[in-house]
Amino acid sequence: MPAPAANKRVKNRRVSRNIIIGSEAFILPPLGDPARPKGIPDDHTKRWTVYVRQPEGDPSLTTWLNKVQFKIFNTYENPLRTCENPPFEVTETGWGGFTIDVRLHFQPASGEKAQYRQHFLQLEKYGDEKQQARQEAEGCVRSEYLEVVQFNEPTEALFDALTTDDQWNYLAGPRAGGKKAAVAALGPNGRPRRGFPGGERSAQLPDKGGDEVPFSKEQEQALIQMLQEKMGVVEKELEDETKKREATEKKLKGLREELGHEAAQQAAQQASGDRSRRR
Ligand code: SLL
């Protein structure tokens, strides 16, 4: 009985995905300020959000990411926060920074175990003077890092998910920038541009092609193979031509020698005739 695709692994393949783990913190209006939202503990000075998302224009992380859990400081109510759907983020208020455990749970068909990351919730300004001036001006402290998640020999089901066009569909949906941006996200074929809303960022090809996928790694590989075969044919032809040229040159040399010999004989005869006539 063939193994179900969720167990069967694609040999010698590794697929990577980038994710951003980060946090943003904003200063709250001080106590007594009418602009200060109600119901916030008096000692809280910041509103912050911790998040996991894909870099802009990258394939949707829901293809492989099922849910994210954020384990925040244990004085918060229900410190293990679970996000089953995007946006994978938690917003809270507080007064101090701490390390947040981020648990990445993969789609069941991936057969992958959960992975853990950590993120320090940075609330205070940091960096050089220029950076701090900007954080001050924006009233926002952001701290992000790029993480790479690698799927080594993914299950067939995961590999399929990671190589379909649908991963970019979210780019054509409603989003900041409205309809114009959504239209800009569509390629000339009316389908979402592959990964790059501005038509830039990366030259990476999707792994598999299809009727509406003009370029893929699979096609690239086929093209390389075809070119290598053609190069083989051309090399063989070149070899044959070289042999032919060598044979022709040999013949020519022979003819020249013969001709040279005859010419020399003729010249010799002529010379001896001349000599006899002179006598
Ligand atoms: C530490 N940095 O790691 C310190 C603790 C805790 C911050 C920082 C309010 C929490 C609440 C808050 O901001 N705590 O209201 O439950 O030991």
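Overview of values
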read-out: Residue tally, condition away from the ligand (no atom under 11 Å from the Cβ), of a type in the set (Phe, Trp, Tyr) and part of a strand (DSSP E or B), over segment 43-71; value: 2
read-out: Test result for Phe98, touching an Asp or Glu at 6+ places or on another chain (Cβ under 9 Å), within 16 Å of the ligand (Cβ to nearest atom) and not small (Gly, Ala, Ser); value: no
read-out: Index of the failed condition, Ala25 passing every other in (1) away from the ligand (no atom under 16 Å from the Cβ); (2) outside any loop (DSSP other than H, G, I, E, B); (3) among the aliphatic types (A, V, I, L, M); value: (1)
read-out: Meets criteria (modelled with pLDDT of 65 or more, out of contact with any Phe, Trp or Tyr (no Cβ under 9 Å at 6 or more places or on another chain), over 22 Å from Asp160 (Cα atoms) and among the aliphatic types (A, V, I, L, M)) for Ala222; value: no
read-out: Exclusive hit being surrounded by fewer than 12 Cβ atoms within 10 Å (Cβ to Cβ) and among the aliphatic types (A, V, I, L, M), set Ala109, Ala35, Ala25; value: Ala35
read-out: Index of the failed condition, Asn74 passing every other in (1) more than 16 Å from the ligand (Cβ to nearest atom); (2) at pLDDT 95 or above; value: (1)
read-out: Breaking point among (1) within 16 Å of the ligand (Cβ to nearest atom); (2) under 29 Å from the mean Cα position of the chain (by Cα); (3) over 23 Å from Asn66 (Cα atoms), for Leu123; value: (2)
read-out: Filter result (under 18 Å from Ile21 (Cβ atoms) and touching a His at 6+ places or on another chain (Cβ under 9 Å)) within segment 94-111; value: Thr99, Ile100, Asp101, Val102
read-out: Which numbered condition Arg17 fails, given (1) within 14 Å of the ligand (Cβ to nearest atom); (2) closer than 21 Å to Leu158 by Cα; value: (1)
read-out: Subset of segment 77-95 [within 16 Å of the ligand (Cβ to nearest atom) and of a type in the set (A, V, I, L, M, F, W, C)]; value: Leu80, Val90, Trp95
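The values are calculated or read from the model by the stated rules, or taken from the named source; none is laboratory data. Quick caveat: nothing in here was measured; it's all calculated off a predicted structure. Counting neighbours? That spans all protein chains shown, and the Cβs are built from the backbone with ideal geometry, glycine included.
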